Amino acid sequence: MAAFPFEIKAVEGKARTGVLKTPRGDIRTPAFMPVGTAATVKAMTVDQVKATGADIILGNTYHLMLRPSAERVARLGGLHKFMRWDKPILTDSGGFQVMSLSGISKLTEEAVTFSSHVDGSKHVLTPERSIEIQADLLGSDIVMQLDECVAWPAEEARARKGMELSARWARRSKDAFGTRDTQALFGIQQGSTFEALRRESSDRLREIGFDGYAIGGLAVGEGHEAMCEVLDYAPGLLPEDRPRYLMGVGKPIDLVEAVARGVDMFDCVLPTRSGRHGQAWTWDGPINLKNAKYAEDESPLDPDSDCPASRDYSKAYLRHLFKAEEILGQVLLSWHNIAFFQALTAAMRAAIAEGRFERFRREFRARHLSQ
Ligand code: GUN
């Protein structure tokens with residue numbers, strides 16, 4: 001029996017909408033998880049994040065084990081209490097961040113060894129230690145297995161090596177996690193752009209048995225079209241009755257196309273990171289508020305939104321904040337972008353529930369890509 005019930009409420013084509021039920025609250029799918037890497041969704045309070053409609057946020061093993069350390073978070077009552085977020089938290093396992101952020105890293109059958117990007121100190125992460133940090137010390141609700149995300153492009157032999165190591169680490173992660181009622185463990189499918197490898201990866205994960213299944217190793221430079229080609233088959237290789245989570249994705253158009261192919265959950269730094277750099281995501285596509293054309297534009301980003309950042313401030317004011325390098329500009333655009341991503345997933349949920357997702361997808365593409 002899986003830890004968290006997953007109730008699929010409606011299906012249209014491959015798109016699904018449902019609810020993943022956890023002791024800390026329901027996660028409505030398709031779900032977008034704002035990234036709270038270092039125990040903060042950057043530039044936002046948890047109350048703002050909650051008001052956008054987010055059911056769950058993501059935290060990172062890698063960052064938190066280095067600073068303030070998993071043991072310190074545990075002594076302070078766990079990650080939820082520490083950061084004042086009482087809804088579900090999913091934590092990533094660390095391997096991916098080690099590869100992208102840390103200094104020299106050594107990868108063996110046993111562990112990944114790396115030096116901290118904070119102070120250069122040396123650390124070792126095994127599948128078992130990642131589970132201990134996530135499940136026991138941080139107190140995460142959804143724990144991810146440690147995996148190896150192979151860089152793109154990859155030769156098939158290299159992609160196979162990463163997939164096989166990830167599968168063996170999936171087994172070790174599951175053994176370390178055991179079975180729990182109040183926390184879930186997700187496996188991660190790897191295999192780069194090779195269908196046979198993703199099939200084998202999925203078969204090995206299914207044999208172990210997880211509460212949910214992630215699709216890893218995408219959005220690593222292959223581009224939207226190549227990612228969609230993998231998503232034409234990858235979600236269908238995973239169990240239909242469990243949530244499918246596409247890691248590190250993506251732009252609004254990526255979310256819509258992935259949902260159309262059977263994905264239920266997403267996370268990405270894009271809304272907060274691009275917000276801090278002056279980019280706003282809207283139904284009409286992305287806009288750069290530093291552009292001179294907004295200098296005297298009195299319209300808000302979205303008059304129909306119930307997010308104050310989207311509805312109550314003019315583009316002219318937001319542009320001024322960025323030109324003057326005022327910190328409020330970063331706060332407001334992060335808030336607006338997270339609200340937009342939540343509005344987008346809410347719109348997809350409603351469209352699937354009402355059997356009009358294909359029309360929604362067509363109209364979204366036409367409007368969002370029109371510029
Ligand atoms: N975040 C984005 N992609 C990945 C991946 O392949 N593995 C993990 N663990 N995290 C990710």
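The values are calculated or read from the model by the stated rules, or taken from the named source; none is laboratory data. What you see is a predicted model, and the numbers here were worked out from it, not measured in a lab. Every residue, glycine as well, gets a Cβ built from its backbone with ideal geometry; the counts of neighbours run over all protein chains shown. Only protein heavy atoms, including side chains, enter the accessible area calculation; ligands, DNA and RNA are left aside. Shrake-Rupley method; radii C 1.70, N 1.55, O 1.52, S 1.80 Å.
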Quiz item: Does any residue in segment 320-338 that is open to solvent by 60 Å² or more (accessible area, probe 1.4 Å) come within less than 6 Å, Cβ to Cβ, of a residue that is of a type outside the set (A, V, I, L, M, F, W, C) six or more places away or on a different chain, and which pairs are these?
Solution: GLN330/ARG276
Quiz item: Out of all the residues in segment 66-79, which are open to solvent by less than 20 Å² (accessible area, probe 1.4 Å) and not β-branched (Val, Ile, Thr)?
Solution: ALA70, GLY78, LEU79
Practice problem: Collect the residues in segment 166-205 that are among the aliphatic types (A, V, I, L, M) and more than 12 Å from the ligand (Cβ to nearest atom), keeping them in residue-number order. | Solution: ALA167, ALA176, ALA184, LEU185, ALA196, LEU197, LEU205
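Quick grid of which residues meet (1) over 18 Å from the mean Cα position of the chain (by Cα); (2) assigned to a loop (DSSP other than H, G, I, E, B):
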site: ALA3; (1), (2): yes, yes
site: LYS9; (1), (2): yes, no
site: GLY18; (1), (2): no, no
site: PRO34; (1), (2): no, no
site: ALA38; (1), (2): no, yes
site: MET44; (1), (2): no, yes
site: VAL49; (1), (2): no, no
site: TYR62; (1), (2): no, no
site: MET65; (1), (2): yes, no
Practice problem: Return the total of residues in segment 203-222 being farther than 23 Å from CYS268 by Cβ and touching a strand residue (DSSP E or B) at 6+ places or on another chain (Cβ under 9 Å). | Solution: 4
Quiz item: Is it the case that some residue within segment 215-223 is assigned by TED's automatic domain parsing to the domain that holds GLY36, more than 14 Å from the ligand (Cβ to nearest atom), more than 18 Å from the chain's Cα centre (by Cα) and at positive phi?
Solution: no
Quiz item: Among the strands (runs of 3 or more DSSP E) contained in segment 76-153, which hold 1 or more residues that are modelled with pLDDT under 95 and within 16 Å of the ligand (Cβ to nearest atom)?
Solution: 112-115
Practice problem: Would you check which residues across segment 149-194 are within 20 Å of MET265 (Cβ to Cβ), among the polar types (S, T, N, Q), open to solvent by 10 Å² or more (accessible area, probe 1.4 Å) and touching a helix residue (DSSP H, G or I) at 6+ places or on another chain (Cβ under 8 Å) and list them? | Solution: GLN183
Quiz prompt | Of all residues making up segment 219-239, the number that are out of contact with any Phe, Trp or Tyr (no Cβ under 6 Å at 6 or more places or on another chain), surrounded by fewer than 18 Cβ atoms within 10 Å (Cβ to Cβ) and touching a residue at least 24 places away in the same chain (Cβ under 8 Å) | solution = 8
